[in-house]
Every structure is written in C-alpha cells, then in structure tokens.
1. Using a Gaussian network model on the chain with a 10 Å cutoff between Cα atoms, which of Ala30, Ala43, Ala89 fluctuates the most?
2. Quick one: length gained pulling Glu36 to Leu91 fully straight, 0.36 nm per residue minus the C-alpha distance?
3. Give me the percent of accessible area attributable to carbon and sulfur for the range 15-85, probe 1.4 angstrom.
4. Where nothing but the Cβ of Lys and Arg (+1) and of Asp and Glu (-1) is charged, how large is the charge dipole of the chain around its Cα centre, in debye to the nearest 20?
5. Where Lys and Arg each count +1 and Asp and Glu each count -1, what net charge lies around Ala89 among other residues with Cβ under 12 Å from its Cβ?
6. Taking a probe of 1.4 Å, how large is the accessible area per residue of the range 1-88, in Å²?
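The values are calculated or read from the model by the stated rules, or taken from the named source; none is laboratory data. Computed from a prediction, not measured in an experiment: that's the story for all the values here. Positions of Cβ are generated from backbone atoms using ideal geometry, with glycine treated the same way; all protein chains shown enter the neighbour counts. In case anyone asks, the SASA skips ligands and DNA or RNA and just uses the protein heavy atoms, side chains included. Shrake-Rupley method; radii C 1.70, N 1.55, O 1.52, S 1.80 Å.
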Amino acid sequence: MTDPAGFTVADLRSRAGEEAFGAAGEHVVAIDGPDEDEWSLSATVRLDDGRTLETILHHRVGGPLDGECDCPQALAGSFCSHLVLVGLAHLGIDAPRSEERRV
C-alpha cells in the first residue's frame, strides 16, 4: 500500500541526513499535530527548555520534501530533526530512541 503522504521513512532520512534524522525527538516533550492539508503537515513542538516551535512539512506528491520550522537549524536552511519528527508522527512511527541513536 502506498502512503497517501507520498513520502517514506527513507525519504525523511535522505532529506535530513543521518544526524538530524537520529536527533528526531530529542528534547521534545510534546507534539500537537500533525494536522494535514493537501500539501503539508503542520505541528507545534514543545521542547524541554520551554521553547515552542511551529513546523510545516511540505510533502506534495511528486515534489521534494521541504519544510519550515522556528528552530535555528531550519532558519539556517537545514531540514531539521523537528521536521523529521513531524513526518515520522504522520507515518505512525516513533522517533529513534536514544540508545538507537548511539549505534
């Protein structure tokens, strides 16, 4: 069965890179969403330092994965771990656990 979002875990890993993919879920205490529209997933991510990040993962079928997040990495042009987390949440997959990140 094809995922209606048009992306896979491998797509998220490829777009973000190993470091950002492995960091998905670090310092996150809650995620509100993701809420889906035709081309994007939006979510609010709360971090353990009190910050709240607004994220939008663009996943238009046939187009590249892209996104926006309020974090410094995304503001600098990177596909950040928070966008990975939103994508994983949409796919119903938990973020890698800390012991899996070290392997």
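1. Ala30
2. Fully extending the segment from Glu36 to Leu91 adds 18.6 nm.
3. Carbon with sulfur: 47 percent of the solvent-accessible area.
4. Rounded to the nearest 20 debye, it is 280 debye.
5. -4
6. Per-residue value: 56 Å².
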